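A.B. asks: Below is one structure. I have some questions about it.
The values are calculated or read from the model by the stated rules, or taken from the named source; none is laboratory data. All values reported here derive from a predicted model rather than from experimental measurement. Cβ placement follows ideal geometry from the backbone for every residue including glycine, while neighbour counts extend to all protein chains displayed.
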Amino acid sequence: MQVEIHQVLTDGDHVVMYSRRWLPDAGPEIAVVDIWRIDDGLIAEAWEIIEPVGQVAANLVWWEPAQR
């Protein structure tokens, strides 16, 4: 799997990473958000959100004000 890291953000004991990942010559490219809680230098909790890159743009409009 190839991973292209786009953003890494930290706040206190939380780290958020946005990346795009794909298998060469197989399947769709995916966008991934990983969220980790760090405790004593180790990952204590982890969450992951995954969606096909083709759907990312459609899911960015939820926060935009409704057109009238």
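A.B. asks: Give all pairs with beta carbons closer than 9 Å in which a residue from region 46-68 that is over 18 Å from V16 (Cα atoms) and among the polar types (S, T, N, Q) meets a residue that is modelled with pLDDT of 70 or more and not in a loop (DSSP other than H, G, I, E, B); count only pairs at least 6 apart in sequence or on separate chains.
C.D. replies: Taking only residues 6 or more apart or on different chains, the pairs are Q55/A31; N59/E51.
A.B. asks: A further question follows. Under 8 Å between Cβ atoms, which residue pairs at least 6 apart in sequence (or on different chains) link something in region 1-22 that is over 14 Å from V33 (Cβ atoms) with a partner that is assigned to a loop (DSSP other than H, G, I, E, B)?
C.D. replies: From region 1-22, the pairs are Q2/P24; W22/M1.
A.B. asks: Restricting attention to region 8-27, which residues are loosely packed, with under 12 Cβ neighbours inside 10 Å, under 21 Å from L42 (Cβ atoms) and more than 10 Å from the chain's Cα centre (by Cα)?
C.D. replies: Scanning region 8-27 gives L9, T10, D11, G12.
A.B. asks: For region 1-59, which strands (runs of 3 or more DSSP E) that fit wholly inside it have 2 or more residues that are modelled with pLDDT of 95 or more and on the phi > 0 side of the Ramachandran plot?
C.D. replies: none
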